[in-house]
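What follows is a set of notes on a single structure, which appears directly below.
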Amino acid sequence: MRLTIKQITGLKVLLHLAGFLPFLWLILSINQGWLSADPAKDIQHFTGRMALKFLLGTLLVTPLARYGKQPLLIRVRRLLGLWCFAWATLHLVSYALLELGIDNLGLLGSELISRPYLTLGIISWFILLLSLTSFQKAQKKLGRNWQKLHNAIYIVLILAPIHYLWSVKTFSPQPWIYAFIALVLLLWRYKKFRGWRR
């Protein structure tokens, strides 16, 4: 059974809640002292993981729509991409404010260049900035170039998990799980990439 417009609308509401409620939980955790002895790192990792989850979700939509024969599912992809960018921006802001501090924001540029894992992160963020061209007016203005522009998301799918793996100081299975899922999503598009090469 194919999803209807009404069901897609309901799904969008659920996805908006999935994007917003974790933010409320994070605020509550900060206020209630539920975080660890290093709350700054907890906040940075939490916001980064949320961005990564929405990134993976965004790129999971097309295979699900195609193989599940649910063409209307494509309509939630932009929503997921925008939430990914929102959480990635929170991740960047949390690093700038909590790691460096307001008085040392001038050091942000040098930090992003001198630390390779941060360089991968900021490159990913700038590519995600392209998600702001997902609106219909921008699509019409860009024409054929719109799809080419958005194919850069596959670069983020490579860089973001590496950024996460590189940023974790001690071994944790979580970054490897995200990296594995990203690899599967890339392999899923093997034929598409091979077509580009041709």
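The values are calculated or read from the model by the stated rules, or taken from the named source; none is laboratory data. All values reported here derive from a predicted model rather than from experimental measurement. Positions of Cβ are backbone-derived with ideal geometry, glycine not excepted, and every protein chain shown enters the neighbour counts. The accessibility values were calculated without ligands, DNA or RNA, using every heavy atom of the protein model including side chains. Shrake-Rupley method; radii C 1.70, N 1.55, O 1.52, S 1.80 Å.
For Ile5, neighbours were defined as the other residues whose beta-carbon sits under 12 Å from its Cβ, and their charges (Lys and Arg +1, Asp and Glu -1) total +4. Considering only DSSP states other than H, G, I, E and B, which trypsin sites (Lys or Arg not before Pro) in the range 44-141 qualify as loop sites with at most 16 other Cβ atoms within 10 Å? Passing both the DSSP loop test and the Cβ count: Lys69. Subtracting the Cα-Cα distance of Tyr67 and Phe193 from their residue separation scaled by 0.36 nm leaves 43.5 nm. Counting only protein heavy atoms and a probe of 1.4 Å, the accessible surface of the range 32-80 is 58% carbon and sulfur. Counting only protein heavy atoms and a 1.4 Å probe, the chain has 63 square angstrom of accessible area per residue. The relative contact order of the chain comes to 20 percent, based on Cα pairs under 8 Å that sit 6 or more residues apart. Relative to the longest principal axis of the Cα atoms of the chain, the long axis of helix 173-188 makes an angle of roughly 20 degrees.
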